[in-house]
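Engineer: Handing you a structure now.
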């Protein structure tokens, strides 16, 4: 009996999934993405080179956008620098407020307040803001914008740290004063780097400040502490 030829295997039916087509971004979303890429690129270049050597012509290449797109969003150097500082200050504010919410003991709080303030006030972006404000060639309107941005970004940070201290048992009025003084100390040391940059000495001063605050708090009558 002749052998029956092998049957070809039946083709497997591929399971087809109905994939919805990707949602097309709106014009507003594309515009926002382009703007954000430009701001991130500008922030990176400012951090790397400082204000004096910052060249807007290099930002488009860094961001991967056309020069025309950059000029559409930010037609001048001042408009780009102001928007960039506003962006980085807002990012710093959000990070600081998250840190304040996560800290829970007075000793930890003071140390964290100092470290958080150092990260901001010792940054290149803060120094650029100071450079702009102090520059005699800068338009007064630009100075005002930078000062307004700084106030808008930093006041909520002060309030967040003061609230964290108060929640841990420090009287609210005392907590606000401690935060204001601590930020003032760090800001002052940051500005001192313009003529005398001694990181080791600064660390010693910050450690001394922590000890002073700790001693002060231990001498204060305490309210109910959080998480105790």
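Engineer: Are any of the residues in segment 136-147 out of contact with any helix residue (DSSP H, G or I) (no Cβ under 8 Å at 6 or more places or on another chain), modelled with pLDDT under 85 and within 29 Å of residue 198 (Cα to Cα)?
Structural biologist: yes
Engineer: Turning to a different aspect of this structure: Just to be sure, is residue 126 without any contact (Cβ under 8 Å) to a residue 40 or more places away in the chain and either farther than 30 Å from residue 213 by Cβ or touching a helix residue (DSSP H, G or I) at 6+ places or on another chain (Cβ under 7 Å) (or both)? Before the answer, list the steps.
Structural biologist: Numbers: without any contact (Cβ under 8 Å) to a residue 40 or more places away in the chain: no; either farther than 30 Å from residue 213 by Cβ or touching a helix residue (DSSP H, G or I) at 6+ places or on another chain (Cβ under 7 Å) (or both): yes.
Criteria not met by residue 126.
The values are calculated or read from the model by the stated rules, or taken from the named source; none is laboratory data. Quantities reported herein were computed from a predicted structural model and do not represent experimental measurements. Cβ atoms come from the backbone with ideal geometry, glycine included; neighbour counts cover every protein chain shown.
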